[in-house]
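Working notes for the structure below.
The values are calculated or read from the model by the stated rules, or taken from the named source; none is laboratory data. Because the structure is predicted, anything quoted here is derived from the model rather than measured. Methodologically, a virtual Cβ is constructed for each residue, glycine included, from the backbone with ideal geometry; neighbour enumeration extends over all protein chains shown.
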Ligand code: SAH
């Protein structure tokens, strides 16, 4: 089985790369790889570098690049998911699952009924995002945005071609009726356990969010956070090959 590791810089065939920090520890102490072993290095630019280990010392692993591939796993349409910060470790769960679904960016926001305060645990989120990425063989790490206020969320809505707002208060519009023709930059807004107040829902719609229902059953925040992006990726043809 090929092993995947993220590296800091792009490289060409024949270049050597020094890997330090967490990825070096993983290579040398956790997996106990040896000189001569082949690993795949990911510079986070959608390329994969097939490399061979040529040296391992206390602080770094050195590899030489033997070939480069561009597997083209990123989606054509860029999808950003805004989630009202859910409780416990559900945000971390969403980072992992949305990585698998090919989402470009996940951003937590504050809302009236969300109990959890958004925390900016950048390093921890990056580690989770990187591991999720390697596991699903994705070449680009999902971006985890810093927490934003509800007003900032409203101000970002106009920057997208289409913003799908999953609202438990909506009774008419269905997600299946939405057309994604010519939409290159799409966003999704999902609430936390507490959902949205009517005032918040009105403001999102007034800013350009398209309110949709997911039917008569109320989904948990983390379920809606996965299901809505998954349905949109399906409608965009991203589950095809
Ligand atoms: N506490 C709320 C439910 C919140 S569910 C209540 O009891 O009414 C968490 C989030 O998932 C919601 O804010 C919404 O974004 C999404 N969601 C869950 N079920 C939904 C449905 N049937 N239609 C649209 N959105 C839904």
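Data overview
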quantity	calculated
Qualifying residue in the stretch 138-157 (condition: near the ligand (Cβ under 8 Å from one of its atoms) and free of Cβ contacts under 8 Å to residues at least 40 places away in the same chain)	no
Counted residues, the stretch 215-225 - those being within 22 Å of the chain's Cα centre (by Cα) and near the ligand (Cβ under 7 Å from one of its atoms)	4
Residue check for residue 240: exposed (fewer than 15 other Cβ atoms within 10 Å of the Cβ) and not assigned by TED's automatic domain parsing to the domain that holds residue 104	yes
Residues that are touching a strand residue (DSSP E or B) at 6+ places or on another chain (Cβ under 9 Å) and away from the ligand (no atom under 14 Å from the Cβ), drawn from the stretch 199-214	207, 208
Selected residue (only one of 172, 184 is loosely packed, with under 15 Cβ neighbours inside 10 Å and either under 18 Å from residue 105 (Cβ atoms) or not assigned by TED's automatic domain parsing to the domain that holds residue 112 (or both))	184
Checklist (1) over 17 Å from the mean Cα position of the chain (by Cα); (2) in a loop (DSSP other than H, G, I, E, B) applied to residue 205, failing item	(2)
Residue list for the stretch 6-26, filter: more than 23 Å from the chain's Cα centre (by Cα) and in contact (Cβ under 8 Å) with a residue 24 or more places away in the chain	11, 12, 13, 14, 15, 16, 17, 18, 19, 20, 24
Candidate set from the stretch 165-198 (those that are closer than 18 Å to residue 148 by Cβ and outside any strand (DSSP E or B)); member that is nearest to the ligand (Cβ to nearest atom)	191
